[in-house]
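Here the structure comes first, spelled out in structure tokens, and everything after it is commentary.
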Amino acid sequence: MFSVNIYLYVFVLLQSSQLSKAFIVNSTSDGDYKFLVAGGQRTPGVQNYTRFMVSLRQRTATKYFGDNHYCAGVIISYRWIVTAAQCMVYPSKIPRRPRTIIVVIGTANRIMHSNTTRLMAVDRVVVNRNFTLHSTHDIGLLRLKSRITLNARVQIMPLPTGPPPYGEVCIVLGWGRIYYGGPYAGSVSHVGLQLFTEEHCKKAHPRYSPGDLCASYQGRFDHDPCTGDAGGPLVCRGKFVAVVSWTLGCGRKETPSLYTDIYYNLKWIKSVMAGQSRLSVLKELKILILIYFVLLYSS
């Protein structure tokens with residue numbers, strides 16, 4: 001997920017022969033832009049945030065559990081996941097069909113199926129209508145077919161109630177590549193990044209647009225999101241602030257990574273969720289009316 005040195009690579013390699021198979025997973029890229037965290041760590045306290053995270057996967061694994069991971073997401077209600085829009089569309093910008101996406105909850109380790117791990121089917125894919133493949137409005141929502149059951153390993157992440165705390169050191173988490181072209185992380189990795197002001201981001205990033213946030217590690221760029229991290233959370237002061245969007249070169253270039261501001265998109269998120277709730281109520285009402293008339297005419 002985060003670009004790291006060779007020692008971490010060796011450590012991961014030695015952990016299990018199963019994990020070593022992760023080296024064959026293909027990269028998803030758009031030129032130099034990677035859907036990417038590199039230079040990361042694993043700290044027990046921070047691992048608590050994995051309760052709010054999900055792994056987005058292709059419909060079926062190729063060789064072992066977890067090798068089909070391609071993005072992350074965040075649980076924001078019993079039925080809704082927020083993620084990056086890029087994780088929900090094909091290169092042609094056509095939305096993925098719900099049945100092609102599996103949402104995995106309740107696991108901090110991408111390749112381990114624990115007793116709290118659940119595979120959830122997707123009912124609806126909602127991409128922000130202003131999304132472009134050049135990073136603008138890189139946000140979307142997935143509605144699950146069934147409700148999530150909460151437990152110690154699965155929790156709902158509260159939505160932000162105010163604007164981002166610019167200047168703060170925040171935490172970004174993910175299962176992405178641990179360095180450019182390297183293996184995907186087994187357990188969630190994280191790194192602390194400073195959140196920059198809008199003025200700084202406009203000057204520092206060629207793809208910056210309204211609704212974006214940008215961050216980097218103390219003026220260094222070798223700690224950064226990487227392939228497989230898109231859609232994961234950026235957390236500031238324990239609050240959910242943004243989802244991972246874009247980075248240049250997986251920490252290899254002197255440009256801060258981009259994130260989609262959740263507070264900026266809060267109205268859109270709530271309107272989509274409320275609209276779907278109204279549709280569900282109307283659908284149930286129609287069914288009840290139909291049952292009523294069937295019973296009425298059959299008596």
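Specify the residue that is farthest from Thr83 (Cα to Cα); the eligible residues are those in region 162-173 that are out of contact with any His (no Cβ under 8 Å at 6 or more places or on another chain) and not in a loop (DSSP other than H, G, I, E, B).
First, the residues of region 162-173 that are out of contact with any His (no Cβ under 8 Å at 6 or more places or on another chain): 162-170.
With the extra rule that they be not in a loop (DSSP other than H, G, I, E, B), the set shrinks to 169-170.
Numbers: Val169: 22, Cys170: 18 Å.
Applying the filter and picking the extreme gives Val169.
For region 155-164, does any single residue satisfy the condition of being surrounded by 23 or more Cβ atoms within 10 Å (Cβ to Cβ) and among the hydrophobic types (A, V, I, L, M, F, W, C)?
Just the residues of region 155-164 that are surrounded by 23 or more Cβ atoms within 10 Å (Cβ to Cβ), to begin with: 164.
Checking the rest, the ones that are also among the hydrophobic types (A, V, I, L, M, F, W, C) come to none.
No; the residues of region 155-164 include none that is surrounded by 23 or more Cβ atoms within 10 Å (Cβ to Cβ) and among the hydrophobic types (A, V, I, L, M, F, W, C).
Okay, residues lined up against (1) among the aromatic types (Phe, Trp, Tyr); (2) within 17 Å of the chain's Cα centre (by Cα); (3) under 25 Å from Lys267 (Cβ atoms):
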residue	(1), (2), (3)
Arg97	no, no, no
Asn115	no, no, no
Ile139	no, yes, yes
Arg147	no, no, yes
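Being part of a loop (DSSP other than H, G, I, E, B), under 15 Å from the mean Cα position of the chain (by Cα) and closer than 18 Å to Ala72 by Cβ is the requirement here; does Leu159 meet it? Show your work before the answer.
Numbers: part of a loop (DSSP other than H, G, I, E, B): yes; under 15 Å from the mean Cα position of the chain (by Cα): yes; closer than 18 Å to Ala72 by Cβ: yes.
Yes.
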Reported set for region 120-150 where residues are in contact with a Lys or Arg (Cβ under 9 Å, 6 or more places away or on another chain) and assigned to a strand (DSSP E or B) is Met120, Ala121, Val122, Asp123, Arg124, Val125, Val126, Val127, Leu141, Leu142, Arg143, Leu144
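Given Leu133, Leu173, Leu119, which one is at pLDDT below 95 and either in the same structural domain as Asp212 (by the TED database) or more than 16 Å from Asp212 (Cα to Cα) (or both)? Talk me through it step by step, then tell me what you get.
Working: Leu133 fails: either in the same structural domain as Asp212 (by the TED database) or more than 16 Å from Asp212 (Cα to Cα) (or both); Leu119 fails: at pLDDT below 95.
So the residue among Leu133, Leu173, Leu119 that is at pLDDT below 95 and either in the same structural domain as Asp212 (by the TED database) or more than 16 Å from Asp212 (Cα to Cα) (or both) is Leu173.
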By residue number, the members of region 216-252 that are at pLDDT 90 or above, in a strand (DSSP E or B) and either over 17 Å from the mean Cα position of the chain (by Cα) or small (Gly, Ala, Ser) (or both) are Ala242, Ser245
Residues in region 194-208 that are more than 18 Å from Pro225 (Cβ to Cβ) and in a loop (DSSP other than H, G, I, E, B) total 1
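Going through Gly181, Gly140 one at a time, which residue ends up being buried (at least 19 other Cβ atoms within 10 Å of the Cβ) and not charged (D, E, K, R)?
On the way: Gly181 fails: buried (at least 19 other Cβ atoms within 10 Å of the Cβ).
Just one listed residue meets the conditions, Gly140.
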In region 253-271, anything β-branched (Val, Ile, Thr) and modelled with pLDDT of 95 or more is listed as Thr260, Ile262, Ile269
Exercise for review: With the condition kept exactly as written, say whether any residue in region 83-103 is at pLDDT below 95, hydroxyl-bearing (Ser, Thr, Tyr) and surrounded by 16 or more Cβ atoms within 10 Å (Cβ to Cβ).
Suggested key: no
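The values are calculated or read from the model by the stated rules, or taken from the named source; none is laboratory data. Bear in mind that the values here come from a model prediction, so they are computed numbers and not experimental data. Cβ sites come from the backbone with ideal geometry, for glycine too, and all protein chains shown count toward neighbours.
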